[in-house]
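Structure first, commentary second.
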Amino acid sequence: MKKTILVAMIATTLFACSSTTEKKETSEATTASTSSCVKEGPEVDMIKEVITAYSAGDWTKLGTYFSDSAKSSHNNDTAAISMKDRIELFKKQRANIDGAVDPGTPNIEVATVETKSDSKYAGYKWGHAWITFKSKPKGGVLKSSLTFVSFAIKDGKIQFEQVIYDTK
């Protein structure tokens with residue numbers, strides 16, 4: 001019986017020591033980076049306005065939310081293109097749609113992730129939107145497309161967008 005109690009005490013001591021080490025490592029990792037995620041605020045409002053401008057086909061207004069050097073990548077593009085070129089593609093696509101595009105009620109979040117080890121993305125916020133666009137091609141039937149968009153936002157402008165959607 002004494003051996004069982006002794007083994008239990010040793011195991012408990014080892015477990016307690018390893019837990020302290022794990023807590024210390026977790027604490028150090030937490031201080032190395034900070035992050036937050038919000039569902040309201042100026043960047044969320046900007047993303048809502050981007051979606052509204054796109055849905056209405058207001059290309060001039062849409063362009064105002066992107067930096068002059070903004071890049072856009074859709075699905076498996078091999079290279080990003082300028083947002084100005086993307087808007088020109090949107091204009092051509094919209095010519096085949098009857099009326100406006102309905103974005104439904106998008107789910108939008110903006111995350112701030114700051115890491116001390118990577119200064120490349122210092123000051124960026126990451127906006128994400130899940131949208132179910134509904135549109136009717138001219139002479140066709142109403143179709144629906146689930147779309148995910150990720151925006152890299154810095155200095156109040158979108159610097160990059162990555163869009164993923166079903167092309168069928």
- Find the residue count for the stretch 81-108, including only residues that are of a type outside the set (S, T, N, Q), surrounded by fewer than 16 Cβ atoms within 10 Å (Cβ to Cβ) and either within 19 Å of the chain's Cα centre (by Cα) or more than 23 Å from Lys61 (Cβ to Cβ) (or both). 2
- Across the stretch 57-115, what is the total count of residues that are part of a strand (DSSP E or B) and among the hydroxyl-bearing types (Ser, Thr, Tyr)? 7
- Message: Can you confirm whether Pro106 is touching a residue at least 40 places away in the same chain (Cβ under 8 Å), touching a helix residue (DSSP H, G or I) at 6+ places or on another chain (Cβ under 8 Å) and not hydrophobic (A, V, I, L, M, F, W, C)?
- Response: yes
- Task: Search the stretch 136-157 for residues that are closer than 17 Å to Met83 by Cβ and pair each with any residue that is among the small types (Gly, Ala, Ser) when their beta-carbon atoms are under 6 Å apart and the residues are at least 6 apart or on different chains.
- Result: Val149/Ala129; Phe151/Gly127; Ile153/Gly127; Lys154/Gly123; Lys157/Ser67
- Every listed condition ((1) more than 15 Å from the chain's Cα centre (by Cα); (2) surrounded by 11 or more Cβ atoms within 10 Å (Cβ to Cβ); (3) at pLDDT 95 or above; (4) assigned to a strand (DSSP E or B)) holds for Thr34 save (3)
- Note on the structure: (1) surrounded by 15 or more Cβ atoms within 10 Å (Cβ to Cβ); (2) more than 17 Å from Lys168 (Cα to Cα) all hold for Asp68 apart from (1)
- Task: Within the stretch 77-96, identify whether any single residue is at pLDDT below 90 and closer than 30 Å to Gly139 by Cα, and answer yes or no.
- Result: yes
- Could you tell me which residue of the stretch 109-150 is farthest from the chain's Cα centre (by Cα), considering only residues that are surrounded by 13 or more Cβ atoms within 10 Å (Cβ to Cβ) and among the small types (Gly, Ala, Ser)? Ser135
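The values are calculated or read from the model by the stated rules, or taken from the named source; none is laboratory data. As the structure is a computational prediction, the values presented were derived from the model and not from experiment. Because the Cβ atoms are built from the backbone with ideal geometry, glycine has one as well, and the counts that use them run over all protein chains shown.
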